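Student: Got a structure for you, written out below as structure tokens; questions coming shortly.
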Amino acid sequence: MIAHEIAARVRAREVSAAAVVEEALARIAVHNGLVNAFTDVTAERARAEAAAVDRAIARGDDAGSLAGVPFAAKNLFGLAGIVTRAGSRIERTHAPARADAFAVARLRAAGAVCLGALNMDEYAYGFTTENTHDGPVRNPHDPARIAGGSSGGSGAALAAGFCAVTLATDTNGSIRVPASLCGVYGLKPTFGRLSRAGAYPFVASLDHVGPMARDVASLALAYDAMQGDDPADPAQARRPVAPVSGAVSGALVPRTLRVARLGGHFGGEGAARAAADRVAVALGANEEATFPDAAVLRAAAFLVTASEGAAVHLADLRARADEFDPLVRDRLLAGALIPAQWVHRAQKIRREIARRAGALFARFDVLVAPATPCAATTIGQDGLVLGGESVPLRPHFGVFTQPVSAIGLPVLAVPVPGAAAGLPIGVQLIGAPWQEAALFSAAAGLEAAGVCAAPLAAAFAS
Amino acid sequence: MDLAGNIEAYVASAARMLGLEFDAERTAAVSSAFALVCRIAEPALAYPLDRLAEPAPVFLPEEIA
């Protein structure tokens, strides 16, 4: 189920959108119980949307770049008529969304067909999608393991072949971590590039919206469709749309890009290190670069996240704390108590270090770093041994992603299949602000060279 | 310095200031979470920040491009 191939076949009338959606719904009905990726399946809506696509094609109209492509959205995106649960129990007592989120509406306008809503960590505050209310998302590559988070359903739904594009959000790594663990492509664009309107907020200073897919061309189609000015999002930058699909089809030789492997904090170990090294070599990187004060940026992002995240939920933390996911509640409560002086300091640090990091892009177009410290771990696991030191697993999954999103840089996470004892692991391609096209060009080169790929998990391949 | 005791005392009084009601069990659990905040925050708290540095309440990436 590759999105750009589906769209081409639907547009050429080789297959109907209705047939594509029935096949996807059948796969979900049979297999979602194993993966627990979907929390809501909008079958009626999907059939109606597919029928509309088929009618448009029968009339000879342009059915859109994503004609008939089945997609689903992390359950914090507004879907008209569905309660936006945002991974929580509390939100599902609220009224259904009256309208689709901007990103959902954009995919729909391009002809994509919405299959439903996907499991996530409560309020997006986690890297493992071990959701206590809805159950954990199980990694299609090994159901005993996590899918990563907080967009775990968005990664797993792709690796299991339930849909061809998913929508996700990334505040500290929530697209890049599940992309790594599920072995799919994910884009966290430049901060301010895509509208967040209609997506349940987590951390206003750091929230990003982005697409995930199983190949670079499909990721580009989805990202291009999602671009556009939206006055409803006060954090969106007012910039012209910058399509990347051309960069994918035209640039199979990434050697024109100046690429460096990030060292120091971003070295990594074991399979994560090897995967990043392999990608860097394939992109012709012959230099190691140092990202300034990564640990300081990670700390700053952590403080801003905990404090702003808690602020969203303070009233519920006062009145109904027992209804929060136990994996999230105590961290939100602790975040509410962070001294304001620490958060002011964190915001100043972000700006100061961002200016220094910007100097790297005078020399390089793409910086390569691991996406996660390791491949998917076991559901329920609390600790991780890295560099001979025991660390708490859940916050540590963001060690390589958090410093980068802290300063808003665009990142395309690319999958290296079978890199860790048969499991996939992802690598971050980090770009200069607004230069997503360079990342797509590099990713297309890696895909063409066979270094990166996102095959269906073996159990779902037939 | 009894850091653990300090954290527990801070958590209990800051929670009261915010109108959050904690029993002993929750005070202990939140204190443990707050101790992790303190540990992860250390590099940011130790960073030699210019006294007159400006914050980034909304980060604007074009500033560094």
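Coordinate-derived values only; no laboratory data. Computed from a predicted structure; not experimentally measured. Quick reminder, even Gly has a Cβ in these numbers, built from the backbone with ideal geometry, and neighbours come from all protein chains shown.
Student: Mind listing P(r) for the stretch A:95-144? All alpha-carbon pairs, 10 Å bins, whole percents.
Tutor: Histogramming the stretch A:95-144 at 10 Å steps yields 20, 35, 36, 9 percent.
Student: List the pair-distance distribution P(r) of the stretch A:259-321, using every Cα-Cα distance, as the percent of pairs falling in each 10 Å bin from 0 up to the bin containing the longest distance, rounded to whole percents.
Tutor: 19, 29, 21, 17, 12, 2
Student: Which ordering of A:R329, A:R85 is given by a fewest-first count of other beta-carbon atoms within 10 Å?
Tutor: Result, fewest neighbours first: A:R329, A:R85.
Student: Could you list log10 I(q)/I(0) for the stretch A:1-42 at q = 0.29, 0.32 Å⁻¹, which the Debye formula gives when each Cα is one point scatterer?
Tutor: -0.97, -1.05
Student: Something else: Given C-alpha coordinates of the stretch A:72-178, what is the ratio Rg to Rh with the Kirkwood estimate of Rh?
Tutor: Result for the stretch A:72-178 is an Rg/Rh of 0.96.
Student: Name the residue from A:A260, A:A213, A:G87 whose Cα lies farthest towards the positive end of the charge dipole of the protein assembly as shown, charges +1 on Cβ of Lys and Arg and -1 on Cβ of Asp and Glu.
Tutor: Value: A:A260.
Student: Hey, another quick one. Can you give me the relative contact order of chain A as a percent, contacts being Cα pairs under 8 Å and 6 or more apart?
Tutor: Relative contact order here is 18 percent.
Student: Test of understanding: ordering A:V244, A:V391, A:V165, A:V312 by Cβ neighbours within 10 Å, fewest first, what list do you get?
Tutor: A:V391, A:V312, A:V244, A:V165
Student: Can you pull the three principal axis extents for the Cα set of the stretch B:3-46, in Å, largest first?
Tutor: 31, 18, 14
Student: When the Kirkwood hydrodynamic radius is evaluated over all pairs of different C-alpha atoms of the protein assembly as shown, what value in angstrom, to one decimal, is obtained?
Tutor: After inverting the mean inverse Cα-Cα distance, the result is 22.8 Å.
Student: Over all residues in A:294-300, what is the mean tally of Cβ atoms on other chains that come within 10 Å of each residue's Cβ?
Tutor: 5
Student: With the Cα gyration tensor of the stretch A:359-418 giving a ≥ b ≥ c as the square roots of its eigenvalues, does the rule (a/c under 1.5 for rounded; else a/b larger than b/c for prolate; else oblate) give rounded, prolate or oblate?
Tutor: The shape class here is prolate.
Student: As I understand it, the dipole of the protein assembly as shown uses +1 on the Cβ of Lys and Arg and -1 on the Cβ of Asp and Glu, about the Cα centre. Which of A:A105, A:L409, A:Q227 lies farthest toward its positive end?
Tutor: Of A:A105, A:L409, A:Q227, it is A:Q227.
Student: What ranking of A:C374, A:C182, A:C114, B:C38 emerges when the number of other C-beta atoms within 10 Å of each C-beta is taken as an exposure proxy, fewest first?
Tutor: Ranked by crowding around the Cβ, least crowded first: B:C38, A:C374, A:C114, A:C182.
Student: Could you sort A:429-441, A:278-290, A:358-370 so that the peptide with the highest average Cβ count within 10 Å comes first and the rest follow in order?
Tutor: So the order, starting with the most tightly packed, is A:429-441, A:358-370, A:278-290.
Student: What's the local net charge at A:P417, with K and R +1, D and E -1, over the other residues with C-beta under 15 Å away?
Tutor: Every neighbour counted, the sum reads -1.
Student: Another one. Give the average, rounded to an integer, of partner chain Cβ atoms located within 10 angstrom of each Cβ in A:339-346.
Tutor: Partner Cβ neighbours, averaged per residue: 4.
Student: Please give me the summed charge of the neighbours of A:E308: other residues whose Cβ is under 14 Å from its Cβ, Lys and Arg +1, Asp and Glu -1.
Tutor: Value of the local net charge: +2.
Student: Write down the radius of gyration of the stretch A:294-434 and its Dmax, each obtained from C-alpha positions, in Å.
Tutor: Cα-based Rg and Dmax for the stretch A:294-434 come out at 17.3, 52 Å.
Student: For a protection proxy built on the mean count of beta-carbon atoms within 10 angstrom, sort A:450-459, A:296-305 highest first, please.
Tutor: Per-residue mean Cβ counts within 10 Å order the peptides as A:296-305, A:450-459.
Student: Continuing with this model, one more query. State to the nearest 20 debye the size of the charge dipole of the protein assembly as shown about its Cα centre, where the only charges are +1 on K and R beta carbons and -1 on D and E beta carbons.
Tutor: 680 debye
Student: Within 10 Å of each Cβ in peptide A:82-88, how many partner chain Cβ atoms are there on average? Round it to a whole number, please.
Tutor: Partner-chain Cβ atoms within 10 Å, mean over residues of A:82-88: 0.
Student: Taking Rh as the Kirkwood radius, which is the inverse of the mean 1/r over Cα pairs, what is the Rg/Rh value for the stretch A:1-149?
Tutor: Radius of gyration over Kirkwood radius for the stretch A:1-149 works out to 1.00.
Student: Sum -39500 (n - 2.57) across every DSSP H segment of at least 4 residues in chain A, then divide by the residue count to get the 222 nm mean residue ellipticity, nearest 500.
Tutor: After summing the helix terms and dividing by residue count, I get -11500 deg cm²/dmol.
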